[in-house]
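Engineer: What follows is a single structure, and I will ask about it in a moment.
The values are calculated or read from the model by the stated rules, or taken from the named source; none is laboratory data. Because the structure is a prediction, the values reported are computed rather than measured. Neighbour counts run over all protein chains shown; Cβ positions are idealised from the backbone, glycine included.
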Amino acid sequence: MKLIASSYYQRFRCIAGKCRHSCCKGWEIDIDPVSLERFKRLGVGSISEEGTPHFILREGDVCPHLRSDGLCQLICDHGEDVLCDICRDHPRFRNFWTGFAEVGLGLSCEEAAGIILSEKEPLRLVRIGLCDEDGVQISAGLGQDGGLSDVEGGGPAFDPAESEPDFPEDEAWLWELRESMLLKAVMMKDPVAARLYEYLVFRHLADALYDGRLEGRIGFIEHAFETVTGLWSGSPDQSFEALAGIARHWSEETEYNEEKKDALIERFESSAHTSV
């Protein structure tokens, strides 16, 4: 099926040892079954198979394969293809619609945060290729005629009404709601705030298709936007780097904390139902 992404998505490259907030620190790193078998064949150590297989973190919740220079010893020894799914995929997220998937970058990654928040133009979705049922890309970009192309950077803007004539009614309704919410960002004078709001809408609204918590997700989006922009307003350092760092830290502490995020969504969902 088609794979859709934000126009800036393919600019992302992991900066590895240059990263000041490595995703190899502070996170539990689960290992998928295929990667587990590969690691066993290669004799990779520091793995626990209790519960969900995972790396046994060093003191300070650091991946055992993270070197002092910020590089991954596994990549240095075996190449990037050795990585388990979660390491290979971070900081990407996916939304699934009928007939196509969307992929974006998560704000908790400092390189991704810089790319997302530095964009000058409103969010634009483009076709970048084809993907499997898990949203993993399996082809190159799409050209202007919709055919496969080797040109990196994506294809034409994506319009589900044209590309997916059987777009289900409930999905079409949610898509139109998302488009109307994104218009709010277009009216914002501050481009950094606009990009933040677009990111939150793009990332969090579509999952209402699966959990049904539309009011809760809208509430979470608005709460997150007010929280981060409030932190920005109170910061003595108004440089772009400082603002991006604040947004990244919020994302790491709240957005990527599933328990905390779900509690907030549930709170706003309950509030909406109580007020009806």
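Engineer: Exactly one of these conditions fails for HIS204: (1) at pLDDT 95 or above; (2) within 24 Å of SER6 (Cα to Cα); (3) in contact with a Ser or Thr (Cβ under 9 Å, 6 or more places away or on another chain). Give me its number.
Structural biologist: (3)
Engineer: Just name the residue that is farthest from CYS23 (Cα to Cα) out of those in the range 223-249 that are in contact (Cβ under 8 Å) with a residue 60 or more places away in the chain and surrounded by 18 or more Cβ atoms within 10 Å (Cβ to Cβ).
Structural biologist: Ranking the candidates gives LEU243 first.
Engineer: Is it the case that VAL62 is surrounded by 15 or more Cβ atoms within 10 Å (Cβ to Cβ), in contact with a helix residue (DSSP H, G or I) (Cβ under 9 Å, 6 or more places away or on another chain) and within 27 Å of ARG20 (Cβ to Cβ)? Walk me through it before giving the result.
Structural biologist: Working: surrounded by 15 or more Cβ atoms within 10 Å (Cβ to Cβ): yes; in contact with a helix residue (DSSP H, G or I) (Cβ under 9 Å, 6 or more places away or on another chain): no; within 27 Å of ARG20 (Cβ to Cβ): yes.
Against the criterion (surrounded by 15 or more Cβ atoms within 10 Å (Cβ to Cβ), in contact with a helix residue (DSSP H, G or I) (Cβ under 9 Å, 6 or more places away or on another chain) and within 27 Å of ARG20 (Cβ to Cβ)), VAL62 does not qualify.
Engineer: Could you list, in sequence order, all residues of the range 120-136 that are over 16 Å from the mean Cα position of the chain (by Cα) and charged (D, E, K, R)?
Structural biologist: Correct list: LYS120, GLU121, ARG127, ASP132, GLU133.
Engineer: Using the structure shown, decide if PHE268 is assigned by TED's automatic domain parsing to the domain that holds TYR8, aromatic (Phe, Trp, Tyr), over 21 Å from PHE93 (Cα atoms) and touching a His at 6+ places or on another chain (Cβ under 8 Å).
Structural biologist: For PHE268, the condition - assigned by TED's automatic domain parsing to the domain that holds TYR8, aromatic (Phe, Trp, Tyr), over 21 Å from PHE93 (Cα atoms) and touching a His at 6+ places or on another chain (Cβ under 8 Å) - is met.
Engineer: Within the bounds of the range 45-64, is there any residue that is touching a residue at least 40 places away in the same chain (Cβ under 8 Å) and under 27 Å from GLU133 (Cα atoms)? Spell out the reasoning first.
Structural biologist: Just the residues of the range 45-64 that are touching a residue at least 40 places away in the same chain (Cβ under 8 Å), to begin with: none.
No.
Engineer: Quick check on my filter: what residues within the range 180-206 are surrounded by 17 or more Cβ atoms within 10 Å (Cβ to Cβ) and charged (D, E, K, R)?
Structural biologist: To start, the set of residues in the range 180-206 that are surrounded by 17 or more Cβ atoms within 10 Å (Cβ to Cβ) comprises 181-182, 185, 192-206.
Across the range 180-206, the qualifying residues are ARG195, GLU198, ARG203.
Engineer: Please specify each residue of the range 188-214 satisfying the condition of being farther than 16 Å from THR227 by Cα and among the hydrophobic types (A, V, I, L, M, F, W, C).
Structural biologist: If the condition is that a residue be farther than 16 Å from THR227 by Cα and among the hydrophobic types (A, V, I, L, M, F, W, C), then MET188, PHE202, LEU205, ALA206, ALA208, LEU209, LEU214 are the ones that fit.
Engineer: Could you check the range 65-78 and list, in sequence order, the residues that are over 16 Å from SER35 (Cα atoms) and touching a Ser or Thr at 6+ places or on another chain (Cβ under 8 Å)?
Structural biologist: LEU66, GLY70, listed by residue number.
Engineer: Look at LEU177 and say whether it is of a type outside the set (Phe, Trp, Tyr), surrounded by fewer than 20 Cβ atoms within 10 Å (Cβ to Cβ), assigned to a helix (DSSP H, G or I) and not assigned by TED's automatic domain parsing to the domain that holds GLU28.
Structural biologist: Working: of a type outside the set (Phe, Trp, Tyr): yes; surrounded by fewer than 20 Cβ atoms within 10 Å (Cβ to Cβ): yes; assigned to a helix (DSSP H, G or I): yes; not assigned by TED's automatic domain parsing to the domain that holds GLU28: yes.
For LEU177, the condition - of a type outside the set (Phe, Trp, Tyr), surrounded by fewer than 20 Cβ atoms within 10 Å (Cβ to Cβ), assigned to a helix (DSSP H, G or I) and not assigned by TED's automatic domain parsing to the domain that holds GLU28 - is met.
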